[in-house]
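Report on the following structure.
The values are calculated or read from the model by the stated rules, or taken from the named source; none is laboratory data. What you see is a predicted model; the values in this text were computed from it and never measured. Every residue, glycine as well, gets a Cβ built from its backbone with ideal geometry; the counts of neighbours run over all protein chains shown.
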Amino acid sequence: MSDESHIPQLQQEDFSAYQDKLRAWARSLDTTPDQLVEVLRAGGEGAQHVRELLGIRAA
């Protein structure tokens, strides 16, 4: 077994800010957080590209 003591242990609190931002972006794009993550993993970079992948037309 390798010594992993140098790797910081992640806590649930470490992800709360990320999850809050994810929910806020999903709400603003009228989608779910899961769907937004899918789009981002598919290569969505930048707000305009993410909107295009979600099928949202620019106002």
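So here's what we get for this one:
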{"item": "Neighbours by Cβ (under 9 Å, 6+ apart or cross-chain): first from the range 14-40, within 11 Å of Val50 (Cβ to Cβ); second hydroxyl-bearing (Ser, Thr, Tyr)", "result": "Trp25/Thr31; Ala26/Thr32; Val39/Thr31"}
{"item": "Within the range 31-59, considering residues that are under 16 Å from the mean Cα position of the chain (by Cα) and outside any helix (DSSP H, G or I), the one modelled with the highest pLDDT", "result": "Thr32"}
{"item": "Sole residue being modelled with pLDDT under 80 and of a type in the set (Gly, Ala, Ser), chosen from Ser28, Ser2", "result": "Ser2"}
{"item": "Residue list for the range 13-49, filter: charged (D, E, K, R) and touching a Leu at 6+ places or on another chain (Cβ under 7 Å)", "result": "none"}
